[in-house]
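Chemist: Got a structure here, written out as structure tokens. Questions coming.
No value in this document is a laboratory result; all are computed from the given coordinates. Just so we're clear, the structure is a prediction, and the values are computed from it rather than from any experiment. FYI the Cβ positions are ideal-geometry reconstructions off the backbone, even for glycines, and counts take in every protein chain you see.
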Amino acid sequence: MNQSKLKRSDIIFGKYTPTDYNVLEKTVKRPPEEIISDIIKSGIRGRGGAGFPTGLKWKYAATLKSDEKYVVCNADEGEPGTFKDREILLRVPRKIFSGMAICGYVIGAKKGFLYLRGEYAFMLPQLYKDLEILDAKLKELALDFSIEIRLGSGAYVCGEETALFESMEGYRGEPRNKPPYPVVAGFRNKPTVINNVETIVTAQTICKIGPEDYANLGTTDSRGSKLFSVSGDTPIPGVYELELGMTLADFVEEYGDGDTKAVQVGGASGFCVPRKKFAETIIGFEGIPTGGSMMLFNNKRSMYHVLQNFLEFFCEESCGQCTPCRIGTQQLRDGLKAIKDKVKDEDYLETLLGLTETMKLSAKCGLGQSVANAFKSIVENFTEEMVY
Amino acid sequence: MSETIELIDKYVVKYGRTREALMPLLQAIVEEKNYLTRDDMAEIATRLNISAADVYGTASFYAFLDLEKRGKYVIRVCKSIIAEMKGKKEITKTLENVLKIKVGETTADGMFTLLETNDIGWSDKEPSMLINHTPYTDLTPDKVIQIITEYRNRH
């Protein structure tokens, strides 16, 4: 086997014992400002996909005055092809709880919530056991913080942070208008830090290894390493931790089956990259940022079929609140089929592409806005497959 | 009916009478009887002092809060693109043959309901399915038959 061009990392899973709360213990003895400064210095940006600088989020929440503040861990991993949070939840839950408690200490929150997708309800018994260990530790440290688990019920859109709050508050998971942002008015309209599972675990790891070591990983624009969920036409599907800033060509050399035609980076809401662009495509904030879903497709696959699967997914998961998304997703699905069935001619693709632009501009949340990503990148790179 | 009322009352005590209690309440009822009836939702509404339409509006939003009669075991086959590439169609067909129902239906004995669902988080081990909360991965037709047999033998 050739020397891999990818830089592997192992800061998420590493050595692990469920009862080892050393990092939490040491960290909560430091002044919150110092911890915030470390998180900022590390350069870490949100791992769910949007990429907001984590340190700034924490800093802002810490400065706000409020009788109540909350830490919410977003474990509503629903993006097609993503399963990295599943592995974190199964293998290193203590690191999640530590990270949440550290965040609570830093911003002055006494209450944390783990919003777990309904599909992962099978994890509950073990998570509750781990929470008991945490509770004992918090008591020992005299830290006024507790974590509650709230369960989702099979709605992709609830991964959108404000929809998640609506769900936690007992409503339909319909996204709110932003601003106000969660950090100002989140859960119960109180200042809330909401972070992806991987972000929280990484933040606690930064508290352990220090911001310098962390910032040495990755590139200037994309600090650190990241978990990737690798699936599809690959001989070795699974979760891999890699430094950011790699080219897609190097990635495919490692994970492809030798016949890779395209990679869908970032799931159904992400971008499709065809083989001819592998070499120039960088995975990271300077290229294509991603929550970590990497789906490989080989030459046997129909990209029309891939796109229709995504569009069907969006039609079902659109919350229905805003028209561009509710109607747009259906029109894209039906329109693409009409072209394939020769009911509409090829020019109609232009109309559909125009519709995705409209959705990008006018949909209320990331779900509707991002449908354009997959649609445009698949249609433009594989036009013949859409038409013939 | 009175059994369900007892159930609702039990969980109202546990989760409280606030709007925030609604999701855990609905989830707990579905956990025990696999679906919600209109009467259940009306009862919950009365206890939380919100309209029945509000309860229905919330419940109907969530795919896992079933509002139609479901079997004791609800099977949800993952239909993501990766699942399709790895042979989901064959898995669904096998289930339809073994259970003698179509997707969306419930067996006459009220044991199984067969559904399809969006990505359940096992793209590295497709095809996959959930039976109630339990995930089953790397499925083959033979494996599916074996799993269903095991569930049947439990009774």
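Chemist: The conditions are (1) within 14 Å of chain A (Cβ to nearest Cβ); (2) within 26 Å of A:Ala268 (Cα to Cα), and B:Thr140 fails exactly one of them. Which is it?
Modeler: In the conditions (1) within 14 Å of chain A (Cβ to nearest Cβ); (2) within 26 Å of A:Ala268 (Cα to Cα), B:Thr140 misses (1) alone.
Chemist: May I pose another question? Which numbered condition trips up A:Leu114, out of (1) touching a helix residue (DSSP H, G or I) at 6+ places or on another chain (Cβ under 9 Å); (2) of a type in the set (A, V, I, L, M); (3) not in a strand (DSSP E or B)?
Modeler: Among (1) touching a helix residue (DSSP H, G or I) at 6+ places or on another chain (Cβ under 9 Å); (2) of a type in the set (A, V, I, L, M); (3) not in a strand (DSSP E or B), the lone unmet condition for A:Leu114 is (3).
Chemist: Identify, from the list A:Arg176, A:Arg172, the residue that is more than 14 Å from chain B (Cβ to nearest Cβ) and surrounded by fewer than 24 Cβ atoms within 10 Å (Cβ to Cβ).
Modeler: Checking each option against the conditions leaves just A:Arg176.
Chemist: Out of the residues in segment B:104-155 that are more than 12 Å from the chain's Cα centre (by Cα) and of a type in the set (Phe, Trp, Tyr), state the one that is farthest from B:Lys93 (Cα to Cα).
Modeler: The selected residue is B:Trp122.
Chemist: How many residues are outside any helix (DSSP H, G or I) and among the aromatic types (Phe, Trp, Tyr) when one looks only at segment A:311-370?
Modeler: Final tally of qualifying residues: 0.
Chemist: Please verify whether B:Thr92 is buried (at least 21 other Cβ atoms within 10 Å of the Cβ) and not basic (Lys, Arg), treating the condition exactly as stated.
Modeler: yes
Chemist: Mind checking which residues of segment A:209-233 are on the phi > 0 side of the Ramachandran plot and not in a strand (DSSP E or B)?
Modeler: Of everything in segment A:209-233, those that are on the phi > 0 side of the Ramachandran plot and not in a strand (DSSP E or B) turn out to be A:Gly210, A:Gly224.
Chemist: Here is a further query. Could you please find all residues in segment A:115-152 being aromatic (Phe, Trp, Tyr), in contact (Cβ under 8 Å) with a residue 24 or more places away in the chain and farther than 16 Å from B:Thr134 by Cβ?
Modeler: The answer is A:Tyr115, A:Phe145.
Chemist: Shifting gears a bit: With the requirement that a residue be more than 30 Å from B:Thr117 (Cα to Cα), in a helix (DSSP H, G or I) and in contact (Cβ under 8 Å) with a residue 60 or more places away in the chain, what does segment A:54-93 give you?
Modeler: Scanning segment A:54-93 gives A:Thr54, A:Lys57, A:Trp58, A:Tyr60, A:Ala61.
Chemist: When you go through A:Ile236, A:Ile200, A:Ile206, A:Ile194 one by one, which is the residue that is within 14 Å of chain B (Cβ to nearest Cβ) and either surrounded by fewer than 24 Cβ atoms within 10 Å (Cβ to Cβ) or not in a loop (DSSP other than H, G, I, E, B) (or both)?
Modeler: Unique residue meeting the criteria: A:Ile236.
Chemist: Facing chain A (nearest Cβ under 9 Å) and touching a residue at least 40 places away in the same chain (Cβ under 8 Å): is that true of B:Glu126 in this structure?
Modeler: So B:Glu126 passes the test.
Chemist: Right, here's the next one. Quick check on segment A:73-105: of everything there that is away from chain B (no Cβ under 14 Å) and of a type in the set (A, V, I, L, M), which residue is surrounded by the fewest Cβ atoms within 10 Å (Cβ to Cβ)?
Modeler: For segment A:73-105, the residue satisfying everything is A:Val92.
Chemist: So which residues in segment A:117-154 are of a type outside the set (Asp, Glu) and assigned to a strand (DSSP E or B), if there are any at all?
Modeler: A:Ser146, A:Ile147, A:Ile149, A:Arg150, A:Leu151
One line per residue, one yes/no per condition, for (1) surrounded by fewer than 17 Cβ atoms within 10 Å (Cβ to Cβ); (2) within 12 Å of another protein chain (Cβ to nearest Cβ); (3) assigned to a helix (DSSP H, G or I):
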site: B:Ala21; (1), (2), (3): no, yes, yes
site: B:Leu26; (1), (2), (3): no, yes, yes
site: B:Glu31; (1), (2), (3): yes, yes, yes
site: B:Thr46; (1), (2), (3): yes, no, yes
site: B:Phe61; (1), (2), (3): no, yes, no
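Chemist: Does B:Tyr11 meet the test of being among the aromatic types (Phe, Trp, Tyr), in a helix (DSSP H, G or I) and crowded, with 18+ Cβ neighbours inside 10 Å?
Modeler: For B:Tyr11, the condition - among the aromatic types (Phe, Trp, Tyr), in a helix (DSSP H, G or I) and crowded, with 18+ Cβ neighbours inside 10 Å - is met.
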